[in-house]
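The values are calculated or read from the model by the stated rules, or taken from the named source; none is laboratory data. Computed from a prediction, not measured in an experiment: that's the story for all the values here. With ideal geometry, Cβ positions are generated from the backbone for all residues, glycine too; neighbour counts draw on all protein chains shown.
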Amino acid sequence: MFKRIIILPFLFLFISCQDDINVTIVKQPGTVTGIVLPALSNADVYLQQVSERKTKINSSGVFYFDDVAPGVYRLIVKAPGYGRAEIDQVTVKDGEGCDVGKIELVSYPFPLLGISPQDGSRRINANSTQVIQIESSKLMDFDSFVNSISVTPELADYNISEYSSSSVSVFRYIISGKYQMGTEYTVNIDSTAKTIYDENIEFPFSFSFTTDFFNVYRFYPPGYSSQKNIRFRFNNLVGNSIIDYLTIVPETPLFEVRISYDAIDLSPSICWKSDTDYSISLKKDYMDIEGNMMENDTTFYFKTPPLFVARTYPHDGQQNVQQNMTIDIEMNNVVDESTVSNSISIIPNVPFEIITLASNIESRFEIVPDTLYADTEYKISIDTTLTDYFGVNLNAPYTLNFKTK
């Protein structure tokens, strides 16, 4: 049996296309907007690329560029008496708006960004090794920058150095030297200062500040116990006795425990009076090791805690106490020994002896019973007739309970 194979001709349709098709893509313009602060009526805003456009801000500081072709632009803001502000990478995309946000003008000549301390600052630490700092948005030509700066009055050990920073947009320069206390300094930068791109700063610039006087920058009152030391910390080195320059109310004899670098520790000869408001005034005539006097008399205030039982042994509520136990009572202040015996009672009643151990740090006394009975609950009471050295009574009655074996 034979199979018949029929081959049918196909009709091929060939479409001829043009080799090159010219397609024109039309990009839509965008906008650039932002806010300039302060809103200065004479501020000008420039948008630069191949050509330059200029606009003004409104009363709120807002500026607006419309019909801006897509691309990357530089934005510059200028105002008389202020350093110009620049934004290098303002990118306008196809048909979109670009809001650069707030642009804050500063009264520094371009390219300076900031200074420290601020003009008019007071109480600047004269002992800092980096009192004056100047920041720039561009790397300065170091020699011209150094030669353009003067400090009045002159500084001993005067030096200008460039501070290494990881930022490529902020360059910092440090003016170091020996600053005098309580002195007004003026820093002048003339217009010969220039960047490594040979751009001079826009206008001469100066700022002033005043260093702090010699003073007490921290006072430490007594701690939780009313007889602890007090401490004066100064903002410069000291070496002279402070006793003759102090007035203490109520009057309390003091002695100097230690004079070390910038600190002086003092302690009462006996103790502080419990539950008492104190004032300690230091006369301005007191001087540091360089002869600097304080600007004003300075007064500090603190209040001592009331007289109380700080700790006991055995502890309140303790069980299985030895029958030959000596009861140890520690007060938070020095007590008047003559008031101890009559302020103490023991229930059940047993004869006892009092041994007092006192210092200007604390006051301890031992209650030594003749004997304690076995398996017995005892209560030791201290009433408010107990007083500190100055006659201030115990703040509240105190009770100690324990049980023997």
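Yes or no, residue by residue, for (1) at pLDDT 90 or above; (2) closer than 23 Å to Glu135 by Cα:
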| residue | (1), (2) |
| --- | --- |
| Lys3 | no, no |
| Asp20 | no, no |
| Pro29 | yes, no |
| Tyr46 | yes, no |
| Ser60 | yes, no |
| Gln89 | no, yes |
| Gly97 | yes, no |
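Checked against the criterion of being free of Cβ contacts under 8 Å to residues at least 40 places away in the same chain and either touching a helix residue (DSSP H, G or I) at 6+ places or on another chain (Cβ under 7 Å) or closer than 30 Å to Pro253 by Cβ (or both), the stretch 378-387 has no qualifying residue.
Exactly one residue out of Gln319, Gln323 is touching a residue at least 12 places away in the same chain (Cβ under 8 Å) and either surrounded by 13 or more Cβ atoms within 10 Å (Cβ to Cβ) or among the hydroxyl-bearing types (Ser, Thr, Tyr) (or both): that is Gln323. When every residue of the stretch 391-402 is checked against the conditions, none turns out to be assigned to a loop (DSSP other than H, G, I, E, B) and more than 30 Å from Ile270 (Cβ to Cβ).
Restricted to the stretch 43-152, the set of strands (runs of 3 or more DSSP E) holding at least 1 residues that are free of Cβ contacts under 8 Å to residues at least 40 places away in the same chain comprises 44-48, 52-56, 62-68, 71-79, 82-92, 112-116, 132-136, 149-152. The set of residues in the stretch 355-370 being at pLDDT below 75 and assigned to a strand (DSSP E or B) consists of Ala358 alone. Among the residues of the stretch 183-239, those that are over 24 Å from Asn125 (Cα atoms), assigned to a loop (DSSP other than H, G, I, E, B) and either under 20 Å from the mean Cα position of the chain (by Cα) or β-branched (Val, Ile, Thr) (or both) comprise Thr192, Ile196, Ile201.
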